[in-house]
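Quick notes on the structure that follows.
The values are calculated or read from the model by the stated rules, or taken from the named source; none is laboratory data. If you're wondering where the values come from, they're calculated on a predicted model, not measured in any experiment. With ideal geometry, Cβ positions are generated from the backbone for all residues, glycine too; neighbour counts draw on all protein chains shown.
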Amino acid sequence: MDDVVDVGGCRVEVVVGDITAQPDLAAVVNAANAQLRTGGGVAGAIHRAAGPQLEREAVPLGPISPGECVRTAGHGLPNAHVLHCLGPVYGQDHPAEELLAACYRNALLIADELGIDSIGFPAISTGAFGFPMGPAAEVATTTVVQLVPALEHVELVRFVLFDDAAYHAHVNALAAAVAND
């Protein structure tokens with residue numbers, strides 16, 4: 001089980017950590033709510049670390065729909081950019097897998113368009129939105145593995161996960177995605 005792999009010249013990493021404490025990444029992804037306001041979970045942590053300026057910049061960009069992604073500055077974060085993605089609510093937003101994949105795809109495409117070379121993702125939709133960790137990890141890693149070889153600027157993708165269970169789900173899913181690519 002490798003927690004670091006090379007995919008078409010892009011380094012893909014899986015770590016347990018705090019997404020707000022990734023100073024070597026140009027961008028982090030916020031598992032946002034539709035209104036782009038401070039919330040719980042990842043969104044709450046990112047908003048608290050970034051400060052109130054983040055919400056002031058983000059709210060006028062909303063509401064967003066599941067699968068959509070918008071960009072703001074990082075404000076008080078050590079990252080220049082925050083990419084806000086609205087993941088699907090499992091069992092409510094359909095088709096859930098395609099909407100979740102769109103989050104990762106849209107964040108990567110925006111990052112590449114802006115010349116961002118490094119990006120950190122949480123496990124989008126797996127908290128309050130109820131997406132099961134294993135299937136979410138499969139969607140996330142498969143989408144990244146399929147897309148990054150076509151990107152010009154993104155050289156590092158890091159999955160920054162909350163606990164060991166999420167870490168192991170993503171490491172296993174990443175190994176499978178690389179083997180199937």
For this session: May I ask you to verify whether I116 is under 20 Å from A45 (Cβ atoms), touching a strand residue (DSSP E or B) at 6+ places or on another chain (Cβ under 8 Å) and part of a loop (DSSP other than H, G, I, E, B)?
Result: no
Exercise. Where in segment 1-47 are there strands (runs of 3 or more DSSP E), lying fully within it, with 2 or more residues that are touching an Asp or Glu at 6+ places or on another chain (Cβ under 9 Å), surrounded by fewer than 17 Cβ atoms within 10 Å (Cβ to Cβ) and in contact (Cβ under 8 Å) with a residue 24 or more places away in the chain?
Worked result: 10-16
For this session: Of the numbered conditions (1) in contact with a Gly (Cβ under 8 Å, 6 or more places away or on another chain); (2) in contact (Cβ under 8 Å) with a residue 40 or more places away in the chain; (3) surrounded by fewer than 21 Cβ atoms within 10 Å (Cβ to Cβ); (4) under 16 Å from G127 (Cα atoms), A80 fails exactly one; give the number of that condition.
Result: (4)
Exercise. Which condition breaks for L86 when tested against (1) in contact with a Pro (Cβ under 8 Å, 6 or more places away or on another chain); (2) farther than 19 Å from A140 by Cβ?
Worked result: (2)
Problem set entry | Evaluation of L54 against (1) closer than 18 Å to L147 by Cβ; (2) crowded, with 24+ Cβ neighbours inside 10 Å; (3) not hydroxyl-bearing (S, T, Y) (one fails), failing number | (1)
Exercise. Residues V139, V160, V145, V178: which one is closer than 15 Å to V7 by Cβ and within 16 Å of the chain's Cα centre (by Cα)?
Worked result: V145
Problem set entry | Single match in L54, L77 (criterion: in a loop (DSSP other than H, G, I, E, B) and farther than 15 Å from F159 by Cβ) | L77
For this session: Could you pull out the residue among F131, F121 that is surrounded by 23 or more Cβ atoms within 10 Å (Cβ to Cβ) and either at pLDDT below 95 or touching a Ser or Thr at 6+ places or on another chain (Cβ under 6 Å) (or both)?
Result: F131
For this session: Inspect segment 146-154 for any residue being out of contact with any Ser or Thr (no Cβ under 7 Å at 6 or more places or on another chain), surrounded by fewer than 24 Cβ atoms within 10 Å (Cβ to Cβ), under 19 Å from P66 (Cβ atoms) and touching a residue at least 12 places away in the same chain (Cβ under 8 Å) and give the result as yes or no.
Result: yes
For this session: Tally the residues that are under 22 Å from Q22 (Cα atoms) and in a loop (DSSP other than H, G, I, E, B), restricting the search to segment 80-109.
Result: 3
